[in-house]
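Only the coordinates and a few stated rules stand behind these numbers; no lab work does. This structure is a prediction, so every number in the text was calculated from the model and none was measured. All Cβ positions, glycine included, derive from the backbone under ideal geometry; neighbour counts span all protein chains shown.
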Amino acid sequence: MNSGIGDKFQKETKYSRFSLGKGGLDWRNQPDLYKKYPNSKKIKLDSQKNLLKDSLDNVLKNRRSIRNFSEKPVTKDQLSILLWASTGIQREEHGYAFRTAPSAGALYPIETYIVVNKVKNVPNGIYHYLIKDHTLEELKTGDFGDDITHAALEQKMCKYASIVFIWTSVFNRSKWKYGERAYRYIYLDAGHIAENLALASTSLGLGSCQIAALYDDEVNELIGVDGTKESVIYMSVVGNLEKNSKE
Ligand SMILES: Cc1cc2nc3c(=O)[nH]c(=O)nc-3n(C[C@H](O)[C@H](O)[C@H](O)COP(=O)(O)O)c2cc1C
């Protein structure tokens, strides 16, 4: 098999005893850990975090990819829990906020956007999750179920799910420390967040499915990111289960 860009990347981003740089970090130019939309309309989410009652044992036994959903909307409290569980702030130590999912160097390169198709008391639209304040920032209102479906290779679950989670990476947050090796960590970080979301969804009796089959630039355009400094890398859908739903 020919060696392609992936093989080259894997090879050229290896650590070895001889390749690790000795230079310190440029603390004055550390990228901001939180993206904000200062002029956006805000929707404050409830800070209650005790809705995940199911045992980890049950959740691990029951999680599976769900691609068909009922008409029933997800509630605002459930949305709040899903956002917190996937990537919310979980503790502060020495003035530094740590989150529910681990992150290489605690640099947290992943941003969360959601397409709301059907959530009680939240208008349909596209929002950014302002992690620091556990708040939604409204980017645009309206129905975007068809647009996100087209951008995800026509995967209809994006229209019928209550919520589509879109995770982007702000690459410099990690590249500032890890250079090109950051890409390895960024994808791992996104995986942790997605699994947290999947487990939290199962615990709430909801279904979820990860999505990586997507037209990157179409998703980027929909949420208004440039695709270079910041780009979509992963998505998930969440919704209520159909009766007798297994898939
Ligand atoms: C990185 C990744 C990307 C995926 N992308 C898609 C996708 O685009 N569409 C889809 O229907 N399922 C997608 N899935 C779900 C997998 O198909 C699913 O996890 C797998 O078949 C195992 O089934 P289970 O999740 O029910 O255990 C993805 C899963 C992962 C981890």
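Couple of notes before you dig in:
- nm² value of the averaged projected area, convex hull over the Cα atoms of the chain: 15.9
- This model, with +1 at the C-beta of Lys and Arg and -1 at the C-beta of Asp and Glu, gives region 65-196 a dipole about its Cα centre of some 220 debye.
- Selection of chymotrypsin sites (Phe, Trp or Tyr not before Pro), region 143-228, meeting DSSP coil and at most 16 other Cβ within 10 Å: TYR215
- Cβ-Cβ distance of ASN50 and THR141, R₀ of 35 Å, FRET efficiency by 1/(1 + (r/R0)^6): the value works out to about 0.70.
- Near ALA161, once Lys and Arg are set to +1 and Asp and Glu to -1 for all other residues with Cβ below 10 Å from its Cβ, the sum equals +4.
- Among beta bridges identified by DSSP and lying wholly in the chain, the antiparallel ones come to about 95 percent.
- For SER162, residues with placed amide H under 5 Å, excluding near neighbours: VAL238, GLY239, ASN240
- Mean separation of Cα pairs under 8 Å and 6 or more residues apart, divided by the residue count, gives the chain a relative contact order of 26 percent.
- Candidate aspartates and glutamates for bridging to LYS120, where Cα separation is under 18 Å - those fewer than 8 sequence places away on the same chain excluded: ASP46, GLU71, ASP77, GLU137, GLU138, ASP143, GLU242
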